[in-house]
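What follows is a set of notes on a single structure, which appears directly below.
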Amino acid sequence: MATIGHRPEKQKIMQISHFEDRYAELRQALEAGQLSLDEFQAAIDELRTRDDYGRYWMIGAETGEWYYFDGVEWAQADPHKADSLPFVDENGTYWMLGKETSQWYYYDGENWVNPEAQTDAEPAQD
């Protein structure tokens, strides 16, 4: 299973800051008439990254907000808080951080399971 609850790498945080600065430059150039809308969109499309959980991130061209792909759809979120967002691990298991418990849960196809609450009881012997 994936390592959960770790902090993003400093390099990723710097990349996010660079992308935010680049977006501001591109938006200013668009508003000044130095870029066409198509040129702006093409440049914004380059401002994508992938985090340590395998989620894809992009800046919304119209909003300037960050969005990540959760495996089904694009959702608005803060990449600086990526450690608390749902993700799918390398085995295809969907994980989510419990809002009330601050513990990680995985979805087994029917229920959300807290692996820390599970016990490895041995089966009864005849």
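The values are calculated or read from the model by the stated rules, or taken from the named source; none is laboratory data. Remember, it's a predicted structure, so these values are computed and weren't measured experimentally. Quick reminder, even Gly has a Cβ in these numbers, built from the backbone with ideal geometry, and neighbours come from all protein chains shown. What goes into the accessible areas is simple: the full protein's heavy atoms, side chains included, and nothing from ligands, DNA or RNA. Shrake-Rupley method; radii C 1.70, N 1.55, O 1.52, S 1.80 Å.
Could you check region 60-88 and list, in sequence order, the residues that are at positive phi and at pLDDT below 90? Before the answer, list the steps.
Let us first name the residues in region 60-88 that are at positive phi, namely 64, 71.
Listed by number, the list holds a single entry, G71.
Please count how many residues of region 58-93 are of a type in the set (V, I, T), under 27 Å from E25 (Cβ atoms) and over 13 Å from the mean Cα position of the chain (by Cα).
Filtering region 58-93 down to residues of a type in the set (V, I, T) leaves 59, 63, 72, 88, 93.
Now narrow it down to the ones that are under 27 Å from E25 (Cβ atoms): 59, 63.
Narrowing the set further to residues that are over 13 Å from the mean Cα position of the chain (by Cα) leaves 63.
Residues that pass the stated criteria total 1.
Output the number of residues of region 16-55 satisfying the condition of being of a type in the set (S, T, Y) and over 13 Å from P79 (Cα atoms).
Taking region 16-55 first, the residues of a type in the set (S, T, Y) are 17, 23, 36, 49, 53.
This time we only want the ones that are over 13 Å from P79 (Cα atoms), so: 23, 36.
Residues flagged as of a type in the set (S, T, Y) and over 13 Å from P79 (Cα atoms) within region 16-55 amount to 2.
Identify the single condition in (1) at pLDDT 85 or above; (2) in a strand (DSSP E or B); (3) open to solvent by less than 40 Å² (accessible area, probe 1.4 Å) that W95 does not satisfy, given that it satisfies every other one.
W95 satisfies all of (1) at pLDDT 85 or above; (2) in a strand (DSSP E or B); (3) open to solvent by less than 40 Å² (accessible area, probe 1.4 Å) except (1).
Just give me the residues in region 15-54 being among the acidic types (D, E) and under 16 Å from Y67 (Cβ atoms), in sequence order. Steps first, please.
Here is the first cut: in region 15-54, the ones among the acidic types (D, E) are 20-21, 25, 31, 38-39, 45-46, 51-52.
Selection gives E20, D45, E46, D51.
Please name all residue pairs, on different chains or six or more residues apart, with Cβ atoms under 9 Å, provided the first residue is in region 73-99 and is farther than 28 Å from A61 by Cα and among the polar types (S, T, N, Q) and the second residue is part of a loop (DSSP other than H, G, I, E, B) and open to solvent by 50 Å² or more (accessible area, probe 1.4 Å).
N91/M1; T93/M1; T93/D108
Take W57 and tell me if it is modelled with pLDDT of 85 or more, in contact with an Asp or Glu (Cβ under 7 Å, 6 or more places away or on another chain), open to solvent by less than 40 Å² (accessible area, probe 1.4 Å) and not in a loop (DSSP other than H, G, I, E, B).
yes
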